[in-house]
1. It is to be established whether one or more residues within region 561-579 are assigned to a loop (DSSP other than H, G, I, E, B), in contact (Cβ under 8 Å) with a residue 40 or more places away in the chain, of a type in the set (A, V, I, L, M, F, W, C) and buried (at least 18 other Cβ atoms within 10 Å of the Cβ).
2. Does region 7-23 contain at least one residue that is in contact with a Lys or Arg (Cβ under 7 Å, 6 or more places away or on another chain), more than 21 Å from Trp240 (Cα to Cα) and surrounded by 13 or more Cβ atoms within 10 Å (Cβ to Cβ)?
3. Contact list please: Cβ distance under 8 Å, first residue in region 353-371 and farther than 20 Å from Leu176 by Cα, second residue outside any helix (DSSP H, G or I) and of a type in the set (S, T, N, Q), pairs at least six apart or on different chains.
4. Can you name the number of the only condition in (1) more than 27 Å from the chain's Cα centre (by Cα); (2) closer than 28 Å to Cys175 by Cβ; (3) surrounded by fewer than 15 Cβ atoms within 10 Å (Cβ to Cβ) that Asp277 fails?
5. Let me spell it out: the conditions are (1) under 21 Å from Thr668 (Cβ atoms); (2) surrounded by fewer than 20 Cβ atoms within 10 Å (Cβ to Cβ), and Pro542 meets all of them except one. Which number is the exception?
6. If a residue must be touching a helix residue (DSSP H, G or I) at 6+ places or on another chain (Cβ under 6 Å) and either open to solvent by less than 20 Å² (accessible area, probe 1.4 Å) or touching a residue at least 60 places away in the same chain (Cβ under 8 Å) (or both), how many such residues does region 460-479 contain?
7. Could you tell me which of the residues Lys699, Lys650, Lys637, Lys641 is open to solvent by 90 Å² or more (accessible area, probe 1.4 Å) and touching a strand residue (DSSP E or B) at 6+ places or on another chain (Cβ under 9 Å)?
8. What single numbered condition from (1) open to solvent by 80 Å² or more (accessible area, probe 1.4 Å); (2) without any contact (Cβ under 8 Å) to a residue 40 or more places away in the chain; (3) not acidic (Asp, Glu) fails to hold for Thr499?
Amino acid sequence: MKVSMKWLKEYADIPMTAEEYESRMIMTGTGVEGTEFLGAELENVVVGRVLTCRDHENSDHLHVCTVDVGEEEALQIVCGAPNVKEGLLVPVAKIGAKLPGGHVIKKGKLRGVESQGMLCSGPEIGVPVELYPSVGDAGLLVFNEEYPLGTDVRTIFGLDDTVIDFEILANRPDCLCVWGVARETAAAMGTELKLPEIKVQEAGEDISDYAKVEVLESELCPRYAAKVVKNVRIAPSPAWLRQYLHACGMRSINNIVDITNFVMLETGHPMHAFDLDKVDGHHIVVRKARAGETLTTLDSKEYTLPETALMICDENKPTGFAGIMGGEESEITEGTKTILFECAAFDRTSIRLTSRALGIRTESSGRFERGVNPKTCMDALLRACQMVNELDAGDVVSGVIDLYPNPAAPVVLEVSCKRICTRAGVEVAPEDMKAILEKLMFQVELDGDKMTVTAPAFRQDIEQEADICEEVLRYAGYDRIPITHLKGENPMGGLNEKTANQKMLRTLLSGMGFYETMTFSFVSKKAIDMLGMPKDDRRSKPLMVRNPLGEDTACMRTTMLCGLLKTLSTNMKNGNVDGRIYELGATFDAINRTEENLPTETPSLAIGMYGNADFYAIRGVVEALCAENGIQYKIDKADEKYLHPGRQAKLLVEDEVLCVLGEVHPDTAEKFDLPGRAYVAEVNLTVFFRAIRPMETVKSIARFPAVQRDLALVMKEDVLVGPMMEALKVGCGSLLEDIRMFDVFRGVQIGEGNKSVAFSFTFRSADHTLTEDEITKLTNKALKIAAEQFDAHIRA
């Protein structure tokens, strides 16, 4: 926030340079981003009077002038401005003068005639039309008032001022104004705060005869105050007002509009002025927008109103966005005769959501988003009326409309001086605490260790003892905090367990030809619904974001697959014939919450493949990760709607789902715009990392030979092969070293509804060579288990 030092000095003495002031304010907790001297690019430009003006003999547009700048001799200057003539008082850039843009005026000749300077237009010296009326680039800037010759023009335009750019934090909206910074300045300097005494001269009559106000949304508008001004006299603002607005980065428009902007900058309360004759029924209604309503704002843009937007309306239609921008229909013009000043407090969340939804950002909305104090609305409103009196801009009608149904109570805290010292780490005497707080306009009653503190009306950030501690510490001096050295040892750095495990997964997957991707944790609800999961599935009930950037980021992801499938689709459509990608991230469960009532975050791994891939390839990738980490698992049938019903599986670790994998269902593939088959897996890394087993004792290489037997078993189509293999491993005991499935056959030879599954058994003993009888017993045992438990028989 930019503030003029001249303006500040009207309310608080600053007996130091701008640089020293900047340092003092920073040390008391008011951030300063920098300072700027407004006239830094303008030097040696003074007031001069044109004594004579004749045409240049070698030019059809140049003029040769003699100009008096208050020195012993007049200057001869060649000028091409069409409006130059004898007697004008104009800005003169002398030899050596510096102009904005780095231009330096040198002595020279124009068409053979010597020129000893330059007569300037407003833009050439960085003075816009709204700061000082002129013809702009069309000719010279002509002074309308008399000034001593040789006067530095910076003093005339207010460019001899320094602007301080304050960095106001979100918890201090009271400092987003000149008065707020002046209060902090007076406290930091130890000088007197000299805020203006507000007195309004009213012209009689009754405001109720002119206007009526109705607030239908009192929660979104806790206070609405209004005053009426009749016999409005629209005119340009005086120079001092234009200069203050210019220093703060605002453009002067006319006296009434400038008053509202000036009061906003001075008090922190955004204001708006309505042309009351353009308000239907002279009736202001604060309500939410209705379906189908539109509004054309002051910048001539038409908006369709969201039904959540808080609007300022008349009896028939909206006239402005509450706290953001007014409407074009009720704007102040030269023909305005009666106005209504509005000064209100609006809900910060409502203003922020509407501002973002419409893409409108204004000085007003920025202040309301930080929080405007309803307690001090009347001060700002009366200050605006006082300025109407001072500028003779109209006659203030007697009375005020002030709708404030639930006035906020003063904030009173009982705090302990000892606890404040302990919290701050600095010893401050209770009497010093009292003096500091009173300097900041708190009311303090001290009783031994206990202090009863009443916060001033303009401070909305004071809520607890810690806030009082902060106020005491920043004025007692941060430099009083004792220096303490770090305690403890400096251990060697390294990766924690989680990071090390993630690095291990990245290494393994990269070695298998996969590329890592990263997508947002925010997804659209539509993308989750496209997976086709049941409505009662917890993954179908995501945590919704209150103020999303858009529909595509409206909720937190409950599965990693939404982003993964979109990435696969993008790669497929861009001609990548073979794709292998993975993503490490977290999913968010809004149903099962933590003890702190936060969504449960589950670290997850998503893997995707297409092209040279099939179901067994994606399963092989997950199995390789498990094998590398000694994870024992079981394979079972999965039932995910987004996966192909016959080409999906889940891996279990002690009945916990480690991973779900398979081919993407054709319907899901179509919804995500996948032009071909794709295969995905989603791994629960909490289960995965917990199941990791370190390498056991190394076994010596077997000394005795292994024996292999192949068996083809015929079984019903719906028999699951995984559980059968687990049963065969258990039944055959330690002599069964390995079992693998190597073929599946279906055909008329084995009957409809059946399948033939071929297994390869590897038998080995650690202390002797197996005999044929032992092998036959093991084979028969396997056949018995298959027949009794799975109704599977050896294929004839």
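The values are calculated or read from the model by the stated rules, or taken from the named source; none is laboratory data. Note that the structure is a prediction, hence the values are computed from the model and not measured. Every residue, glycine as well, gets a Cβ built from its backbone with ideal geometry; the counts of neighbours run over all protein chains shown. These accessible areas exclude ligands, DNA and RNA; they are computed on the full protein's heavy atoms, side chains included. Shrake-Rupley method; radii C 1.70, N 1.55, O 1.52, S 1.80 Å.
1. Taking region 561-579 first, the residues assigned to a loop (DSSP other than H, G, I, E, B) are 574-578.
Remaining after also requiring in contact (Cβ under 8 Å) with a residue 40 or more places away in the chain: none.
Within region 561-579, none of the residues are assigned to a loop (DSSP other than H, G, I, E, B), in contact (Cβ under 8 Å) with a residue 40 or more places away in the chain, of a type in the set (A, V, I, L, M, F, W, C) and buried (at least 18 other Cβ atoms within 10 Å of the Cβ).
2. no
3. Sorted first by the residue in region 353-371, then by its partner, the pairs are Leu353/Thr308; Leu353/Asn547; Thr354/Thr308; Arg356/Asn547; Ala357/Thr308.
4. Just one mismatch for Asp277, condition (2).
5. It is condition (2) that Pro542 fails.
6. Here is the first cut: in region 460-479, the ones touching a helix residue (DSSP H, G or I) at 6+ places or on another chain (Cβ under 6 Å) are 469, 472-473, 475.
From the residues that got through so far, the ones that are either open to solvent by less than 20 Å² (accessible area, probe 1.4 Å) or touching a residue at least 60 places away in the same chain (Cβ under 8 Å) (or both) too are 469, 472, 475.
Residues that pass the stated criteria total 3.
7. Values: Lys699 fails: touching a strand residue (DSSP E or B) at 6+ places or on another chain (Cβ under 9 Å); Lys650 fails: open to solvent by 90 Å² or more (accessible area, probe 1.4 Å); Lys641 fails: touching a strand residue (DSSP E or B) at 6+ places or on another chain (Cβ under 9 Å).
From the options Lys699, Lys650, Lys637, Lys641, the qualifying one is Lys637.
8. All conditions are met except number (1).
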